[in-house]
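What follows is a set of notes on a single structure, which appears directly below.
Since every read-out is calculated from the coordinates, none of them should be taken as a lab result. Please read these numbers as outputs of a predicted model, since none were measured by experiment. So basically every Cβ, Gly included, is an ideal-geometry build from the backbone, and we count neighbours across all protein chains shown.
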């Protein structure tokens, strides 16, 4: 039994979901930030995941995994800014209002961010459960010989 492979897969998931949780927290924290160092309102950030590539042929992938151990998982390729336009709100008294009296607020939808937060939390918890199940299986395998 290759527990290192199982731990490695779960570790990649934990690492990716932690980064996703950080991006969601940043989005929620800056939901009303109308001025950034780059100029303009804050732009929502998304984390891009890519699964580790498998062989196209299942039999050759299975053979390779049995020889080298499963080293699949997920990795973060990029953190990209959402390019949807900012939300314009009429507030002529705001210091960041344009000449027409509109303020550009970030393209962050708190409800959608909360849904993403719950999804990322559940995925993180699933990876923790996979680590715990792997530890229990390894402990059970070690106790067979004693």
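The table that follows gives values for the structure above.
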quantity	calculated
For peptides 137-145, 18-26, 112-120, sequence by mean Cβ density within 10 Å, most packed first	18-26, 112-120, 137-145
Helix axis angle, 110-144 relative to the chain longest principal axis, alpha carbon, degrees	10
Prolate/oblate/rounded label for the range 3-144 (Cα gyration tensor, a/c 1.5)	prolate
Angle between the chain longest axis and helix 58-68 axis [Cα atoms, degrees, rounded to 10]	70
Segments 38-46, 101-109 sorted - mean Cβ within 10 Å per residue, highest first	101-109, 38-46
Computed [θ] at 222 nm, deg cm²/dmol, the chain (DSSP H ≥ 4; -39,500 (n - 2.57); rounded to nearest 500)	-17500 deg cm²/dmol
